[in-house]
Amino acid sequence: MEMTAAEYISIDERALEVGTESLREAPDPGPLNIRALAVAAATEAGQHTPGVDSEDDAVAKCLVRSLTEMAEKLTVSHPPEEAGPGTTVEYVEAFVDEDGERVGTMTGNSVVLTMTPHMWQFHRGTTEFEDGPLEHSAMPDCTALMRSMTQIHRVKGTSGVYLGKSGYMAFEISDPTQTPPHFSSTFVVC
């Protein structure tokens, strides 16, 4: 899902360059795999006993979605020279499947908590899939994200097939050469 130059107008320039920034940093990838996320989600839901049940059992008990995520809109409340704690961000992210078909949209906002030595933000949003929505909350380390490190959102289903289910969304930059960069996102809820 390539975007035209005109579509970039709604994305803050700083978000467009995140991929370039990640290429400047020494990569330290550490993505959590689906099995690890499933064990965490199923354990929290009381459906898995670590050391007793198998990881495969945890995966079987969860709903799993692996998608590509990309920014469609991202606006920052302050110009770069004034950005700091209290800066807010509003965003819209598209999720596409392995065939490039759009399957979901995340809308949300965040606030910068600190800029140094790492930029921490508090995020809150909702992802809408055809089969139901998931509410998000997270406090990602955006400096680590730009170094290709995995970040986690806590997700909770509010209706549809996700009603009463909770779990995690793990994401990391998957293609920093794209402008804006593409992210690999995995949802696991039990």
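The values are calculated or read from the model by the stated rules, or taken from the named source; none is laboratory data. Predicted model, so just to flag it, every value in this text is computed and none were measured. Glycine also receives a Cβ, built like all others from the backbone with ideal geometry; neighbour counts cover every protein chain displayed. Only protein heavy atoms, including side chains, enter the accessible area calculation; ligands, DNA and RNA are left aside. Shrake-Rupley method; radii C 1.70, N 1.55, O 1.52, S 1.80 Å.
Worth a mention:
- Computed from label points 7 Å out along Cα-Cβ, the spacing between residue 77 and residue 116 is 2.2 nm.
- Per residue, the Cα convex hull of region 109-165 amounts to 80 Å³.
- Around the amide H of residue 174, modelled in the peptide plane, lie the amide H atoms of 182, 183, 184, all under 5 Å away and 5 or more residues distant in sequence or on another chain.
- Shape call, region 59-112: gyration tensor on alpha carbons, a/c limit 1.5: prolate
- Per-residue 3J(HN,Hα) values for region 93-99, derived from phi via the Karplus relation 6.51 cos²θ - 1.76 cosθ + 1.60 with θ = phi - 60°, read 10, 9, 10, 10, 8, 5, 8 Hz in sequence order (x marks Gly and Pro).
- Each Lys and Arg contributes +1 and each Asp and Glu -1, all at the Cβ; summed about the Cα centre of region 33-162, the dipole is approximately 420 debye.
- In this structure, the amide hydrogen of residue 73, modeled 1.01 Å from its nitrogen in the peptide plane, lies closer than 5 angstrom to those of 92, counting only residues at least 5 positions away or on a different chain.
- A Förster radius of 35 Å, combined with the Cβ-Cβ distance separating residue 141 from residue 61, puts the computed FRET efficiency at roughly 0.75.
- Per residue, the accessible area of region 59-190 comes to 45 Å², computed with a 1.4 Å probe over protein heavy atoms only.
- If only the Cβ of Lys and Arg carry +1 and only the Cβ of Asp and Glu carry -1, the dipole of region 90-137 around its Cα centre is close to 480 debye.
- Fraction of accessible area attributable to carbon and sulfur, region 98-190 (%, probe 1.4 Å): 52 percent
- Each residue of region 162-169 was assigned a 3J(HN,Hα) from its phi angle through the Karplus curve 6.51 cos²θ - 1.76 cosθ + 1.60 (θ = phi - 60°); the sequence is 8, 3, x, 9, 9, x, 9, 10 Hz, with glycine and proline shown as x.
- Spin-label model, residue 52/residue 131: points 7 Å from Cα along the beta carbon direction are separated by 2.8 nm.
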